[in-house]
Amino acid sequence: AGVTPEIVSKMKPYQKINHFPNMGCLARKNQLGRNLTKMRRVFRKDYNFFPPTWLLPAEWNELRAELAKGKNRTYIVKPEALSQGKGIFLTKTFDAVGLNERYVVQRYIRKPYLIEGLKFDMRIYVLVYGCDPLRVYIFKEGLARLATDEYVGPTRENLDILYMRLTNY
């Protein structure tokens with residue numbers, strides 16, 4: 001369940017942890033999707049950096065409204081509680097998704113940034129040392145992860161080739 005406020009309140013002054021209370025709201029893909037979508041509703045221009053996101057099963061109706069627009073879009077479907085690319089798939093239809101299954105669905109970015117033809121992600125590590133005043137340290141080194149196959153835009157024929165789409169270990 002992570003670090004709770006109760007655990008933090010019982011810590012001694014000399015004790016340190018590498019988490020903060022309730023960080024699941026940022027670290028879990030479903031919670032992050034929910035929070036970013038809420039912020040986008042209020043600050044539309046500032047939160048346009050991520051694709052439209054739906055949390056299933058709660059947002060089936062909103063996703064159906066998106067699909068009813070009739071555009072030939074691709075979606076990436078991620079199981080809510082899995083990690084390291086497990087269970088992820090791309091789809092243009094939702095026939096195979098059960099009504100009670102818990103997923104995070106996003107409109108797939110068709111033309112992502114690439115490094116020498118490969119999809120990538122970058123991780124930059126930071127230390128939030130304090131909140132009042134805000135003190136943040138950025139580590140000089142980070143981590144880049146690359147897909148193993150050259151990227152080709154999604155078609156019905158290549159939706160299941162995940163090695164060109166996922167950058168997980």
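For chymotrypsin sites (Phe, Trp or Tyr not before Pro), the sites in the stretch 109-138 that DSSP calls loop and that have at most 16 other Cβ atoms within 10 Å are Tyr113. Listed values for the stretch 11-27 are Karplus-derived 3J(HN,Hα) couplings in whole Hz (6.51 cos²θ - 1.76 cosθ + 1.60, θ = phi - 60°), namely 6, 7, x, 8, 7, 10, 9, 9, 9, 10, x, 6, 5, x, 5, 10, 8, and x replaces Gly and Pro. Of the GluC sites (Glu not before Pro) found in the stretch 98-169, those that fall in a DSSP loop while having at most 16 other beta-carbon atoms within 10 Å are Glu101, Glu116, Glu150, Glu157.
Looking at the stretch 1-93, which trypsin sites (Lys or Arg not before Pro) are DSSP coil and have at most 12 other C-beta atoms within 10 Å of their C-beta?
Hits after loop and neighbour filter: Lys10, Lys16, Arg44, Lys45, Lys69, Lys71, Lys86.
Normalised by residue number, the volume inside the convex hull of the Cα atoms of the stretch 72-112 is 70 Å³ per residue.
Only Lys, Arg, Asp and Glu carry charge here, each on its Cβ (+1 for the first two, -1 for the last two); on that basis the stretch 25-107 has a dipole of about 320 debye about its Cα centre.
Taking every protein chain into account, the accessible area of the stretch 1-142 amounts to 76 square angstrom per residue (probe 1.4 Å).
For the chain, the Cβ-based charge dipole about the Cα centre amounts to some 460 debye (Lys, Arg positive; Asp, Glu negative; other atoms uncharged). Output the 0 to 90 degree angle, nearest 10, between the alpha-carbon long axis of helix 29-42 and the longest principal axis computed from the alpha carbons of the chain. Orientation of helix 29-42: about 90 degrees from the principal axis. Three semi-axes describe the equivalent ellipsoid of the stretch 36-169; taken as square roots of 5 times the Cα gyration tensor eigenvalues and ordered largest first, they are 28, 22, 14 Å. When Rg and the Kirkwood Rh are both derived from Cα coordinates, the Rg/Rh ratio for the stretch 4-90 amounts to 1.10. The portion of the accessible surface of the chain made up by carbon and sulfur, rounded to a whole percent, is 56 (1.4 Å probe; DNA, RNA and ligands excluded).
The values are calculated or read from the model by the stated rules, or taken from the named source; none is laboratory data. Keep in mind that what you see is a predicted model, and the values were worked out from it rather than measured. Here the Cβ is made from the backbone with ideal geometry for all residues, glycine too, and neighbour counts use every protein chain on show. Side chains included, ligands, DNA and RNA excluded: accessible areas come from the protein's heavy atoms. Shrake-Rupley method; radii C 1.70, N 1.55, O 1.52, S 1.80 Å.
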